[in-house]
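The values are calculated or read from the model by the stated rules, or taken from the named source; none is laboratory data. Computed from a prediction, not measured in an experiment: that's the story for all the values here. Cβ atoms come from the backbone with ideal geometry, glycine included; neighbour counts cover every protein chain shown. Accessible surface areas use protein heavy atoms only, side chains included; no ligands, DNA or RNA. Shrake-Rupley method; radii C 1.70, N 1.55, O 1.52, S 1.80 Å.
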Amino acid sequence: MKTPLITRKGYLKLKQELDFLWREERPEITRKVTWAASLGDRSENADYQYNKKKLREIDRRVRYLRKCLENLKVVDYDSQQEGKVFFGAWVEIENEAGKVMELRLVGYDEIFGRKDYISIDSPMARALLGKEEDDEFVVKTETGTKEWWINRIWYDTTDKL
């Protein structure tokens with residue numbers, strides 16, 4: 001089960017997507033379906049079939065976003081978080097091989113399309129929570145355990161609007 005948390009920017013991005021789909025994309029596709037249907041035989045009408053399928057995909061995404069936005073809890077940055085890893089934190093970590101990564105702990109719905117965002121429910125994020133700079137932590141995964149060190153922690157203070 002995913003934790004229903006999201007950053008302010010993530011929430012606004014999902015809300016913007018919902019508004020775009022409902023107010024712009026869906027009406028345009030609906031017009032195309034209506035036009036294609038007016039041409040007659042729908043069984044052999046590629047425009048009708050394609051746009052009808054696209055309309056179903058939009059409706060499915062709209063339903064998901066509405067339900068999702070209703071249940072999510074927006075977590076804003078708070079200055080009390082400084083120095084420790086909590087939800088919304090950016091962290092620079094390093095392993096024993098010298099591999100350095102910068103990651104941000106965010107909600108599940110924010111990770112798609114971003115390689116530097118990890119879900120708060122991931123093993124890495126769970127291992128990071130509450131840690132401070134220069135702390136060592138162990139991540140347990142299906143492939144074994146890995147040791148990492150925290151080089152730096154910072155927060156995007158523009159998340160609090």
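Here the helices (runs of 4 or more DSSP H) wholly within segment 1-83 that include at least 1 residues being more than 20 Å from Gly113 (Cα to Cα), hydroxyl-bearing (Ser, Thr, Tyr) and open to solvent by 80 Å² or more (accessible area, probe 1.4 Å) are 26-37, 46-71. Residues of segment 57-91 that are within 15 Å of Trp22 (Cβ to Cβ) and not aliphatic (A, V, I, L, M): Glu57, Asp59, Arg60, Arg61, Arg63, Tyr64, Arg66, Lys67, Cys68, Glu70. The single condition among (1) part of a helix (DSSP H, G or I); (2) of a type outside the set (Ser, Thr, Tyr); (3) under 17 Å from Val75 (Cβ atoms) that Leu105 does not satisfy is (1).
Yes/no per residue for (1) open to solvent by less than 50 Å² (accessible area, probe 1.4 Å); (2) of a type in the set (Gly, Ala, Ser); (3) farther than 24 Å from Asn71 by Cβ:
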residue: Leu105; (1), (2), (3): yes, no, no
residue: Ser122; (1), (2), (3): yes, yes, no
residue: Glu136; (1), (2), (3): no, no, yes
residue: Thr141; (1), (2), (3): no, no, yes
residue: Arg152; (1), (2), (3): no, no, yes
residue: Tyr155; (1), (2), (3): yes, no, yes
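Taking the conditions exactly as written (surrounded by 15 or more Cβ atoms within 10 Å (Cβ to Cβ) and under 22 Å from Gln16 (Cα atoms)), does Leu128 satisfy them or not? So Leu128 fails the test. Being in a strand (DSSP E or B), without any contact (Cβ under 8 Å) to a residue 60 or more places away in the chain and surrounded by 15 or more Cβ atoms within 10 Å (Cβ to Cβ) is a description that does not apply to Trp90.
Being closer than 23 Å to Thr158 by Cβ, over 15 Å from the mean Cα position of the chain (by Cα) and among the β-branched types (Val, Ile, Thr) is the requirement here; does Val91 meet it? The answer is yes for Val91.
Look through segment 108-120, keep the residues that are of a type in the set (Val, Ile, Thr) and in a loop (DSSP other than H, G, I, E, B), and return whichever of them is least open to solvent (accessible area, probe 1.4 Å). Quick ask: steps written out before the conclusion?
Narrowing segment 108-120 to residues of a type in the set (Val, Ile, Thr): 111, 118, 120.
The next check asks that each one be in a loop (DSSP other than H, G, I, E, B); those that pass are 111, 120.
Working: Ile111: 41, Ile120: 8 Å².
It comes out as Ile120.
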